[in-house]
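Here's the structure we're looking at; comments come further down.
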Amino acid sequence: MTIRRRAIATAGLFAVLFTGIGGGQLIFVRHQLVSAAVSEANAGAKEIAGELAGTNGLNRTAYRQALITAGEWYVFTPSGMVIDIEGPSPELLGRLVAPTNISFTGLQSLVSGDGEQWRVFARELKGGSLALGLTGASRFKDADAVLLANAAKFGDTLEDALRVNAHSIEWAVDYAVFDQKGEVQKVFGELPLRADPAFLSELYSRRELVLDGKPYVLASRVVTDTAQRPIATVIVTKEFSAEQRAIWDQRRFNIGVATSAWLVVVSIVIVHFVRDEIRRQHIHPSLTEARKQGEGQHVEFKRSLLWNRERGHADEEPRRNVLKTIVAFLNSGGGSLFIGVDDTGQPWGLADDLQSCNGSEDTFRQRLHDFIASSIGGQFSHYIHSRIEDDPDFVGYRVCCVGVGAAPQAALLRLSNRTHFYVRSGPQTSELDIAQAVKYCRNARLQI
C-alpha cells in the first residue's frame, strides 16, 4: 500500500472512530441523564406514596400535612378520579372533566368518589366554566365567603380565568377551569375531577414524553391498602429541558468533531485527486500538449513500431526502440508514447506500419501487446494501455497513443537472450548495468 493510500485509510479510520465514539458517548450521556432524572422522580413518587398509604385507605390528613419535596406530581384512583394535581400540565392525564354530580349554578356541597366532603362554588364563564372547592369547610369561619372571594379573581371569561396565577389564590382553595366542552384547561389542587382510566393505564408504562414542547421524564408508583389492593397511583414528572439542552450541546459538539474529521478525509482525498490529476495530465498529456512540451521525462515520440523507412521494410529496430521506451516509462513513474510522430512532433502516421498488418488497426494493437507480453512480461500488461485515433493537429494522420503507468516492480526487456534495464533521464532512454540498476531500484523503491 502506498503512503498516499495509508494516509487516506488512516484519516478515514480516525473519522470512523470519531463518529462511532461520538455517537456512543451521546447515547451513554443521554442514558445517564435520563436514568438520573427517573431515579429522582422515582424517589419523589415513593415519598408521596408513603404519605398517602394509610391503615384503612388513603391517609389524606398525613398527605396534606407532609412537606413533600417532589417537584410536580399527580395522584388518581384506579377508577380515574383525580385525588391531587400539583403540576402545571394537567393534559398529562389526558381528557379531564368535572365530576358528574357538580352543578355550575353556585354554591353547593358534594361527596367525592372516595367519600370526601367538599364545599364547592361553580359557575359559567363566557367560553367556559369555573369550579372552586374546599375540603374540611368547618376549618373556616365562612367557607362560602372564601370561595366567593377567590372566584371573583377569575373574571367573567375563559381567557381571564386562564390568566390567573395560582399564587394569587388562597392555599386552601382548589380550582379547575373548563372549556365549553367541559374539559379541563387549567387545574390546581385536589378537586375530584375524572380522567379516562384506560388512558391512565397506558401512561403508567411511559418513561418520557413531551408536553407543550418541553421534555419530561415520568415515574409512577401504586399505593395499596393493607390487603395489597391498589387504591391510588402517583405519577411524578420532572422537566428534562436543561438536560436535553446539555445533550443537544454535546450532540452539536460531537457532530462538529465528526464533521471536521470527515472534512479532513475529504480534503485529503481531494488534494490527492487534484495532485493525481495534475500528475496524470503531466505524465499522460494529449498529443497537442505533448507537442507543446516536446520529448521529456514522460513524453516520447516514435515514427513507427514495425516499418523501418530508412531501410524500406519492416524489421526489429523500430519495435526494439518502442519496447525500450515502454520499459523505461515503467521504471520511471510512467509516461506517454506516441507512435506515428517523429522526434520533433511532426506527423508521420501509421500507414507504413498498417501495411504490415493488412491495413488492420486491431492487428497493429494486438501485435504491440504481443511484443510487450513476450519481451517485457504479461504481468505489466495492465499498466499499459493503447488506442489509435486521428492526429488532433494534422488532418489525415492516425496515431497510436500508448499510456504507460508506473510499475511497482522493476521491468526488464528481454532481447536476443539478453536482459536489459532501462530508465528515463529527461528525454533520453538510458540503459543501466546490474549495479546501477540495483541502486536505482532501491532509491525508486522498485521491487526487484
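How big is the gap, in Å, between the Cα center of the range 166-196 and the Cα center of the range 372-448?
92
How big is the C-alpha Rg of the range 284-444 next to the rule-of-thumb value 2.2 N^0.38 Å, as a ratio?
1.00
With each label point set 7 Å from Cα along the Cα-Cβ vector, what nm distance links Ala406 and Gln346?
Label at Ala406, label at Gln346, 3.6 nm between them.
If R0 is 41 Å, what FRET efficiency do you get for Gln228 and Lys153 from their C-beta distance, rounded to 0.05?
In this case the efficiency is close to 0.40.
Report the residue, chosen from Ser332, Ser220, Ser360, that carries the largest GNM mean-square fluctuation when the chain is represented by alpha-carbon nodes joined by springs under 10 Å.
Ser360
State log₁₀ I(q)/I(0) for the chain at q = 0.08, 0.09, 0.10 Å⁻¹ as given by the Debye formula over alpha-carbon point scatterers of equal weight, solvent excluded.
With one equal scatterer per Cα and no solvent, log10 I(q)/I(0) is -0.62, -0.70, -0.81.
Place the peptides 20-27, 144-151 in order of packing, highest mean first, counting for every residue the other Cβ atoms within 10 Å and averaging per peptide.
Those peptides, ordered most packed to least, come out 144-151, 20-27.
Hey, how many Å between the Cα centroid of the range 89-111 and the Cα centroid of the range 288-350?
Going from one Cα centre to the other spans 101 Å.
Structure shown: which of Lys153/Lys214; Lys153/Lys186; Lys141/Lys186; Lys292/Lys324; Lys181/Lys238; Lys302/Lys324 lie over 20 Å apart, alpha-carbon to alpha-carbon?
Pairs exceeding 20 Å: Lys153/Lys214; Lys141/Lys186; Lys292/Lys324; Lys181/Lys238.
Report the calculated FRET efficiency for Ser356 and Gln379 (r = Cβ-Cβ distance, R0 = 41 Å), to the nearest 0.05.
Calculated value: 0.90.
Given 25 °C and 0.890 mPa s, how large is the Stokes-Einstein diffusion coefficient of the range 80-183 in µm²/s, with Rh as the Kirkwood radius over Cα pairs?
This corresponds to a translational diffusion coefficient of 174 µm²/s.
Using a Förster distance of 25 Å, how high is the FRET efficiency between Val274 and Ala9, based on the Cβ-Cβ distance and rounded to 0.05?
That pair, Val274 with Ala9, gives E of 0.85.
Dividing the alpha-carbon Rg of the range 146-301 by 2.2 N^0.38 Å yields what?
2.34
If each DSSP helix of 4+ residues adds -39,500 (n - 2.57) and the sum is divided by the residues in the chain, what number results at 222 nm, nearest 500 deg cm²/dmol?
Value at 222 nm, helices only, nearest 500: -13000 deg cm²/dmol.
Once you place label points 7 Å from the Cα toward the Cβ at Leu17 and Ser241, how far apart are they in nm?
4.0
Can you compute the label reach from Val264? Point 7 Å from Cα along the Cβ direction, backbone N cut-off under 12 Å, restricted to the range 14-43.
Once the point is set 7 Å along Cα→Cβ of Val264, 14-19 turn out to lie under 12 Å by backbone N, inside the range 14-43.
Relative to the longest principal axis of the C-alpha atoms of the chain, give the angle of the C-alpha long axis of helix 241-283, reported between 0 and 90° and rounded to the nearest 10°.
With both axes taken from Cα atoms, the answer is about 10 degrees.
All of the numbers you see were taken from the coordinates with simple rules; none came from a lab. All values derive from a computational prediction rather than experimental measurement. For neighbour counting, all protein chains shown are included, and Cβ atoms are generated from backbone atoms with ideal geometry for every residue, glycine included.
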